[in-house]
Amino acid sequence: MLQFEQFPNDFIWGGSIAAHQCEGAWQEDGKGPSAMDYMTGGSYEKPRRVTKELIPGEYYPNHEGIDFYHTYPQDIELFKEMGFKALRISIDWSRIYPHGDDAEPNRAGLDHYSKVIDKLIECGIEPIVTLYHFEMPIHVVREYNGWLNRKTIDLFVRHCKTVMTEYKGRVKRWVTFNEINHIDPASEFDAIFTYMLAGVEYEAIRNPKQDLARIGYHMTLASAKVVAIAHEIDPENQVGGVFGLTCFYPQTCHPQDNLQAFFDTNRDYYQMDTFVNGLFPRYKLAEYARSGICLEISEEDRLTLLKGKIDFLGLNYYSSSVSPSVVQKEESAVGSVFAGITNPYLEASDWGWKIDPVALRLILNQLDRRYHGIPMMITENGLGAVDKLEADGQVHDPYRIEYLRKHFIEMKKAIADGVNLIGYLMWGPIDLVSATTGEMKKRYGFIYVNKQDDGSGDQRRIKKDSFAWYKKVIATQGADLA
Ligand code: BGP
């Protein structure tokens, strides 16, 4: 009988990391440079930059990461100690095909991930693999213009085919893309996001709206192709898409603002709707027609989308936001994806991300209704905070425990609402390089990594207070959240 008042017994507790943010070893074992290897460090106030060449003396935090490439056996042992049931990793495309279009895959790269996967399995941790988490070979960025070019679909599909064949039977759950929804003609054109997510340099963008639509479409199509191939390679494969979602509140209760807040969700949902339904949605085509954007969907593409439906939905959730009012323009602030207008009812993290556990329950319920009980997994969630290594060598992070507890309570309520939530993977269970700012200072982990933004520190691992807390949560299947 289904249980609705508690986390199910087979609930997948664990964590999520991405290759470029933790591995380092950027030139080891035949790896080619990737898009993220050309991004400098930054901060909340100072955005990361993309440099054309590698500038001597400039800090590129992804080159070293937290050295997970070498420390993975010990780090995975720590995840095991917490009782992890799964770890979501990403496979860096530039380790497998260093240029993206090489004739043969790089055996050393394939062998490396083979060892990581074996180590996870040996520790009783299921590997969940993301196939694209911003790790495009720089050659594909420079020579093909990344996802702006339809040829990139074939290169990526070949890469996925290689890894899915190589790890067949050992990896059963795959994710095609991480957060492709942040690129859309309806959003402000953001050169850094476009580079990071789509592997397209600023200079390559001629007509932002048209180009962003094309990028989004190519990635959507690539995902569908990969899903179909994954099912062919192993019918037991479960393939998901991961979306970074926010809940949009209207700035006022004026009906026009409410409507606007609803329309603002279109940019986050059109690819998800395609992934789940196998059909590019009419509302997006209507929007494109209104904006003069031309998108040609061939009969063959239509079939591809239909055959590439995902099996589960991954949700990255950090923050809610407020849709700027359309009736009180003078009160509206200029917003960005994660910061934006202040919500007087919510506190924010040190990086301006609103802390809103209730919205997580709301989004889970909305997705459940929209997709008729589809299995869902929270594939990222967590608090980026400044942690202090005390003189006695400990790190006390009660704020992180508080943040997670509140989110777990809302997840429990969502399950009680009937939502088919199958797992929770906390983002950054070990401190790693922040994607948006490139900082180490923005820490998420249960495990502190002694490394600072100036590159100093011996990289030793220290269990924070939240380590024992999460261990207890997992051991009690979420019954004890105290
Ligand atoms: C998500 C990305 C992750 C991760 C996370 C936290 O959007 O998928 O890669 O970085 O955000 O963001 P940040 O590292 O910038 O704090």
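The values are calculated or read from the model by the stated rules, or taken from the named source; none is laboratory data. Just so it is clear, the structure is predicted and the values come from calculations on it, not from any experiment. Cβ coordinates were reconstructed from backbone atoms using ideal geometry, including for glycine residues, and neighbour counts include every protein chain displayed. Note: areas computed on protein heavy atoms with side chains; ligands, DNA, RNA excluded. Shrake-Rupley method; radii C 1.70, N 1.55, O 1.52, S 1.80 Å.
If each of L295 and A391 carries a label point 7 Å out from its Cα toward its Cβ, how far apart are those two points in nm?
Each label point is offset 7 Å from its Cα along the Cβ direction, giving 6.0 nm.
Lys and Arg at +1, Asp and Glu at -1: add these up for the other residues within a Cβ distance under 10 Å of N343 and post the number.
Surrounding charge for N343 is -1.
Taking only C-alpha pairs under 8 Å that are 6+ residues apart, what is the relative contact order of the chain in percent?
18
How do the peptides 459-470, 8-19, 39-50 rank, highest first, by the average count of neighbouring beta carbon atoms within 10 Å per residue?
8-19, 459-470, 39-50
Take the Cα pairs of segment 118-186, get the Kirkwood Rh, then feed it into Stokes-Einstein at 4 °C and 1.567 mPa s and tell me D in µm²/s.
Diffusion coefficient, whole number: 93 µm²/s.
Would you calculate, for the chain, the mean residue ellipticity at 222 nm contributed by helices, counting each DSSP H stretch of 4 or more residues as -39,500 (n - 2.57) and dividing by all residues, to the nearest 500?
Calculated mean residue ellipticity at 222 nm is -11500 deg cm²/dmol.
At 1.4 Å probe size, with the rest of the protein present, what percent of the exposed accessible area of segment 88-189 is carbon and sulfur atoms?
46
Please check which bits of segment 266-303 a label hung off K209 would reach, taking the label as a point 7 Å along Cα-to-C-beta and the cut-off as backbone N under 16 Å.
Output list for this probe position: 267, 284-296.
For segment 53-119, state the average projected area of the convex hull of the C-alpha atoms over all orientations, rounded to one decimal in nm².
6.2
Ignoring ligands, DNA and RNA, please state the percent of accessible area on segment 1-52 from carbon and sulfur, probe 1.4 Å.
Of the solvent-accessible surface of segment 1-52, carbon and sulfur hold 53 percent.
How much accessible area per residue does the chain have, counting only protein heavy atoms and a probe of 1.4 Å, in square angstrom?
Details: 19060 Å² over 482 residues.
For the chain, the solvent-accessible area averages 40 Å² per residue.
How big is the Cα convex hull of segment 12-475 in projection, averaged over all directions, in nm²?
Seen from a random direction, the Cα hull of segment 12-475 projects 21.2 nm² on average.
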